Amino acid sequence: MPVWLWFVLGAALLALLGICAVSVSVVQYLLHQPRDTRANAEAKEIERGNLVPGELAAMPLAEFTVKSFDGLSLRCAWLRSGQETRRAVVLVHGFGSRYEHVLKYAKLYTARGYDALLFDHRHCGESEGRRTTMGYLERHDLMQMVALARADKGEGALIGVHGESMGGATVLLAACMEHPPDFVVADCPYADLTEEAEYDLHALFRLPPWPFIPLASLLMRACGGFFFSEVSPLGEIRARGGLPEVPILFVHGTEDALIPFSASEKLYAAKNGKKALLLVKGAGHARSIVCARAEYTRTLYAFLDEFAGGPA
């Protein structure tokens, strides 16, 4: 065999190994994000102005655990409003996070007369689980929480969901399932996991989608049990005719470098019926409430007044 052909074959093999290495890295990152600690989460939220020192310890959080549909123990907590209410909201944190990170939203609801139910996703916080599935299985865990909240509040209760980042995508996926929540707030969600993986690959490594993302999706199917294409809030909403029956508020920061705000614009355009959109100028990823707390609160309460019957 000519020497030059050995060089060609060697270069091709190195390129293939590089493609495989990048694709494996993408899948490993998505499936096995390190768990955040309570102390770290509290410190971050204090720094962002969402908690004050000592506030977390003083909160009347009633913790408990439930078993997921596939046998994992999930850490949960009620934060009660302090009044009799038939309304509750389930708060859903983001990728690699834990429920302490969404207490900032819970406080807005309890001040409005809602009880707040929080939980750690599988493979997050204190919950069991060996992998994160970017909403694919988490949607079922969330619907279990919605059912739990409905059982707690009784017949005729109003139960909403409010999610951030991956949690924002998860609440949208849950809204497309049977017996959906009564309202949804999706803060900085991704519209489609394939599209988001392509965006992140380019942003981080300046690499094109092909052949990395198709291979990563195949590896995700082998390791996580799903293809990227099976996690698409945008596709689910379109498949259900725009989901006109479920009121949805979309929130996104215009300086989000992790999930571009165009994702929420696409979702808003696909949604039919009751909907609202808040774009916060200058806000980064999951920082809309930090950058514009008063506007965020006004928009949320106006949405609840219009589509959820106002204060409890």
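Go through the stretch 195-242 and report how many residues are of a type in the set (S, T, N, Q), crowded, with 17+ Cβ neighbours inside 10 Å and in contact (Cβ under 8 Å) with a residue 24 or more places away in the chain.
Going through the stretch 195-242 one residue at a time, the tally reaches 1.
Can you pull out every residue in the stretch 270-284 that is in a loop (DSSP other than H, G, I, E, B) and either buried (at least 19 other Cβ atoms within 10 Å of the Cβ) or at positive phi (or both)?
Lys271, Gly273, Gly282, Ala283
Could you run through the stretch 285-312 and say how many residues are buried (at least 19 other Cβ atoms within 10 Å of the Cβ), within 21 Å of the chain's Cα centre (by Cα) and of a type in the set (A, V, I, L, M, F, W, C)?
6
Out of Glu178, Glu155, report the one residue that is in a loop (DSSP other than H, G, I, E, B) and within 17 Å of Phe69 (Cβ to Cβ).
Among Glu178, Glu155, only Glu178 is in a loop (DSSP other than H, G, I, E, B) and within 17 Å of Phe69 (Cβ to Cβ).
Of all residues in the stretch 61-98 being surrounded by fewer than 22 Cβ atoms within 10 Å (Cβ to Cβ) and touching a Lys or Arg at 6+ places or on another chain (Cβ under 7 Å), which is farthest from Glu138 (Cα to Cα)?
Taking the candidates together, the pick is Arg86.
In the stretch 99-109, what residues are surrounded by 23 or more Cβ atoms within 10 Å (Cβ to Cβ) and either touching a Lys or Arg at 6+ places or on another chain (Cβ under 9 Å) or of a type in the set (S, T, N, Q) (or both)?
Hits for the stretch 99-109 are Tyr99, Glu100, His101, Tyr109.
To keep it simple, each residue is scored yes or no on (1) of a type outside the set (D, E, K, R); (2) within 15 Å of the chain's Cα centre (by Cα); (3) not assigned by TED's automatic domain parsing to the domain that holds Arg86.
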site	(1), (2), (3)
His123	yes, yes, no
Ser127	yes, no, no
Arg130	no, no, no
Thr133	yes, yes, no
Asp141	no, yes, no
Ala147	yes, no, no
Ala151	yes, no, no
Glu155	no, no, no
Leu158	yes, no, no
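Would you check if there is a residue in the stretch 200-211 being at pLDDT 95 or above, among the aromatic types (Phe, Trp, Tyr), assigned to a helix (DSSP H, G or I) and closer than 25 Å to Tyr29 by Cβ?
There is no residue in the stretch 200-211 that is at pLDDT 95 or above, among the aromatic types (Phe, Trp, Tyr), assigned to a helix (DSSP H, G or I) and closer than 25 Å to Tyr29 by Cβ.
The values are calculated or read from the model by the stated rules, or taken from the named source; none is laboratory data. Keep in mind that what you see is a predicted model, and the values were worked out from it rather than measured. Glycine also receives a Cβ, built like all others from the backbone with ideal geometry; neighbour counts cover every protein chain displayed.
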